[in-house]
Amino acid sequence: MSKSIYSLLLTDNVIDALDRMAAKRNMSRSALIDEILSEHTGTANVDNMYRRVWQQTETLFDRMRTMQFVNNAQVSLAQVITSLPYKYNPKVRYCLELSDEPHTLCTITLSTRTQNPVLSAVFGTFYRHLAQLEDMYLNNVGATYDNGKYASVLYGDAADPEHTAAQIVEYIVTLDGMLRAYVCGDGDTSERLFVAYAARHNAANKPRLLPQ
């Protein structure tokens, strides 16, 4: 959605109140004014939809002690940070980018860079195995992996922010559980977690044949 620069003559105490509101919501003054005016005029605003998705996403992640949701300055971006039960507790980041493309929810990039060559090899094997599982069992996810990163695109109807947030959180929680099991040497549990997720994810569509 295109945006332009406009000059507004506003009362000082109104600006003070706007700045306090913007600071509480981690928004710029312009973004807050744009949101208020779009809601007042009933004008569609994709940024507002993004914010509602992140609000729902943050609420869901607040229940999980091991995962930290972080809102980025750019409204379409956010990230989830966690660590693995491995030597020195290496950090894992899930970078999230909401999409305004039709039938596309979000691109989720799993980043697991490490200086440990053994762990790096484990990550590479995990990525390859995950890509195979996604290709076998998921109806509407596209994935690529390279250089310590694994990127998946979640497809679907983005009209409902609550549903979009739930889809994002379920996918990340599944991947995180799989990765935790995999680095501990439990590949079977890792695969079972994915198959269970795929069965739920494909429930609304015609599912592919899943193993018993």
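The values are calculated or read from the model by the stated rules, or taken from the named source; none is laboratory data. Just so it is clear, the model here is predicted, and its values are computed rather than measured. Note that we place each Cβ from the backbone using ideal geometry, even for glycine, and neighbour counts take in every protein chain shown. These area figures cover heavy atoms from the full protein model, side chains too; ligands, DNA and RNA do not enter into them. Shrake-Rupley method; radii C 1.70, N 1.55, O 1.52, S 1.80 Å.
Against the condition in contact with a helix residue (DSSP H, G or I) (Cβ under 8 Å, 6 or more places away or on another chain) and among the β-branched types (Val, Ile, Thr), how does residue 122 come out, does it pass?
yes
What number of residues within the range 154-166 satisfy the criterion of being surrounded by 21 or more Cβ atoms within 10 Å (Cβ to Cβ) and outside any loop (DSSP other than H, G, I, E, B)?
Filtering the range 154-166 for residues surrounded by 21 or more Cβ atoms within 10 Å (Cβ to Cβ) gives 154, 158, 164-165.
Now narrow it down to the ones that are outside any loop (DSSP other than H, G, I, E, B): 154, 164-165.
Adding up the residues that qualify gives 3.
Would you be able to say whether some residue in the range 116-139 is open to solvent by 30 Å² or more (accessible area, probe 1.4 Å), touching a residue at least 40 places away in the same chain (Cβ under 8 Å), within 16 Å of the chain's Cα centre (by Cα) and within 21 Å of residue 67 (Cβ to Cβ)?
Looking through the range 116-139, none of the residues is open to solvent by 30 Å² or more (accessible area, probe 1.4 Å), touching a residue at least 40 places away in the same chain (Cβ under 8 Å), within 16 Å of the chain's Cα centre (by Cα) and within 21 Å of residue 67 (Cβ to Cβ).
Restricting attention to the range 29-61, which residues are open to solvent by 70 Å² or more (accessible area, probe 1.4 Å), of a type outside the set (Gly, Ala, Ser) and over 14 Å from the mean Cα position of the chain (by Cα)?
Those that are open to solvent by 70 Å² or more (accessible area, probe 1.4 Å), of a type outside the set (Gly, Ala, Ser) and over 14 Å from the mean Cα position of the chain (by Cα): 29, 37, 39, 40, 41, 43.
Any residue that is at pLDDT 90 or above, in contact with a strand residue (DSSP E or B) (Cβ under 9 Å, 6 or more places away or on another chain) and surrounded by fewer than 18 Cβ atoms within 10 Å (Cβ to Cβ) - is there at least one of those in the range 186-203?
no
Kindly list, by first and then second residue, each pair from a residue in the range 173-184 that is crowded, with 19+ Cβ neighbours inside 10 Å to a residue that is of a type in the set (Asp, Glu) and assigned to a helix (DSSP H, G or I), limited to pairs with Cβ atoms under 8 Å and residues at least 6 apart or on different chains.
Hits for this filter: 178/191.
So, in the range 101-153, exactly how many residues are closer than 30 Å to residue 48 by Cβ and either acidic (Asp, Glu) or outside any strand (DSSP E or B) (or both)?
Result for the range 101-153: 6.
Given (1) surrounded by fewer than 17 Cβ atoms within 10 Å (Cβ to Cβ); (2) outside any helix (DSSP H, G or I), where does residue 21 come up short, assuming only one miss?
All conditions are met except number (2).
Regarding the range 70-83, can at least one residue be identified that is without any contact (Cβ under 8 Å) to a residue 40 or more places away in the chain, open to solvent by less than 90 Å² (accessible area, probe 1.4 Å) and touching a Cys at 6+ places or on another chain (Cβ under 6 Å)?
Yes, there is a match, as at least one residue in the range 70-83 is without any contact (Cβ under 8 Å) to a residue 40 or more places away in the chain, open to solvent by less than 90 Å² (accessible area, probe 1.4 Å) and touching a Cys at 6+ places or on another chain (Cβ under 6 Å).
Would you call residue 24 under 22 Å from residue 111 (Cα atoms) and among the charged types (D, E, K, R)? Quick ask: steps written out before the conclusion?
Details: under 22 Å from residue 111 (Cα atoms): no; among the charged types (D, E, K, R): yes.
So residue 24 fails the test.
Taking the stated definitions as given, is residue 94 open to solvent by less than 60 Å² (accessible area, probe 1.4 Å), in contact with a strand residue (DSSP E or B) (Cβ under 6 Å, 6 or more places away or on another chain) and not in a strand (DSSP E or B)?
So residue 94 fails the test.
If the requirement is being under 19 Å from residue 100 (Cβ atoms) and of a type in the set (Val, Ile, Thr), which of these qualifies: 41, 57? Break it down stepwise before answering.
Values: 41 fails: under 19 Å from residue 100 (Cβ atoms).
The unique qualifying residue is 57.
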